[in-house]
Amino acid sequence: MEKKVYSIDGKELRTINLDDKIFGLPVNEDVIYYAITNELANKRVGTACTKTRAEVHGSNAKPYKQKGTGNARRGDKKSPITVGGGTIFGPKPRDYTYYIPKKEKRLAMKSILSMKAQEDTLTVIEDFTVESGKTKDLVKILNNFAKDERTVIILKDDDRLIKRAGRNLRNVYFLSYNRLRAHDLFYGRKVILLESAAKNLSEFYAALEAE
């Protein structure tokens, strides 16, 4: 697949051949769903906790006698039907983490990248960095490609200067080519791919397939 490469000023520079094994696949919606669900589940803290009637503080005595009052029979004040009583089948702390096959996760990433390339929401730009580390300098570049949209930038390495410049931007997310996240990629309205990151992606996935 051929894509145009743009300068940071938004001008067309040249074309690049993107690997069809990554950017030219048919979109598999099922594995995309599984990958996103897996990421969200693994991020859950799982600290929700309620008390059962055995754990609620209170007396074990009956509030009134069993018969003769005209009221419904009652146990103790910790009964789940009483205000302040225990909770029936409430949540307890648990670990929501689970794993999906590595090949399935790789296919999900490739499917999302292919979908973005086919929808023409993926833009390849020349390698750049923000030497000043200032937000305004990064915004000046991003305005040539996306304005007030949820934007994902795929970096060729862990560029701390770019990340520092973008940490104040609410709708900008940074991903390294070898640490992609399905949720961020899928929901990104614009995906900006650095030219070297495109080549690194091909080498990275080729190495994984060879294992």
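The values are calculated or read from the model by the stated rules, or taken from the named source; none is laboratory data. Small disclaimer: the values here were computed from a predicted structure and weren't measured. With ideal geometry, Cβ positions are generated from the backbone for all residues, glycine too; neighbour counts draw on all protein chains shown. Protein only, heavy atoms only, side chains kept; ligands, DNA and RNA dropped before computing areas. Shrake-Rupley method; radii C 1.70, N 1.55, O 1.52, S 1.80 Å.
Structure data summary
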item: Hits in the range 160-175 (condition: in a strand (DSSP E or B) and open to solvent by 10 Å² or more (accessible area, probe 1.4 Å)); result: Val172, Tyr173, Phe174
item: Looking only at the range 109-127, and only at residues there that are outside any helix (DSSP H, G or I) and touching a residue at least 60 places away in the same chain (Cβ under 8 Å), the one that is surrounded by the most Cβ atoms within 10 Å (Cβ to Cβ); result: Leu122
item: The range 128-157 residues that are open to solvent by 70 Å² or more (accessible area, probe 1.4 Å), paired with ones that are in a loop (DSSP other than H, G, I, E, B) (beta carbon under 6 Å, 6 or more apart); result: Asn144/Gly10
item: Some residue of the range 19-32 being open to solvent by 80 Å² or more (accessible area, probe 1.4 Å), more than 30 Å from Ile162 (Cβ to Cβ) and in a loop (DSSP other than H, G, I, E, B); result: yes
item: Subset of the range 176-211 [under 24 Å from Lys43 (Cα atoms), open to solvent by less than 60 Å² (accessible area, probe 1.4 Å) and hydrophobic (A, V, I, L, M, F, W, C)]; result: Leu180, Ala182, Leu185, Val191
item: Lone qualifier among Lys51, Lys78, Lys62 - being open to solvent by 100 Å² or more (accessible area, probe 1.4 Å), part of a loop (DSSP other than H, G, I, E, B), of a type outside the set (Asp, Glu) and more than 17 Å from His183 (Cβ to Cβ); result: Lys51
item: Criterion: closer than 22 Å to Ile22 by Cα, of a type in the set (A, V, I, L, M), touching a Phe, Trp or Tyr at 6+ places or on another chain (Cβ under 7 Å) and touching a residue at least 12 places away in the same chain (Cβ under 8 Å) - qualifying residue of Leu180, Leu201, Leu185, Leu208; result: Leu201
item: Members of the range 81-107 found to be among the acidic types (Asp, Glu) and open to solvent by 80 Å² or more (accessible area, probe 1.4 Å), listed by number; result: Asp95
item: Count of the range 4-15 residues which are in contact (Cβ under 8 Å) with a residue 12 or more places away in the chain and open to solvent by 20 Å² or more (accessible area, probe 1.4 Å); result: 7
item: Where a residue in the range 25-38 is under 13 Å from Arg106 (Cα atoms) and its partner, wherever it lies, is surrounded by fewer than 17 Cβ atoms within 10 Å (Cβ to Cβ) and among the acidic types (Asp, Glu), with Cβ under 7 Å and at least six apart; result: Val31/Glu104; Tyr34/Glu104
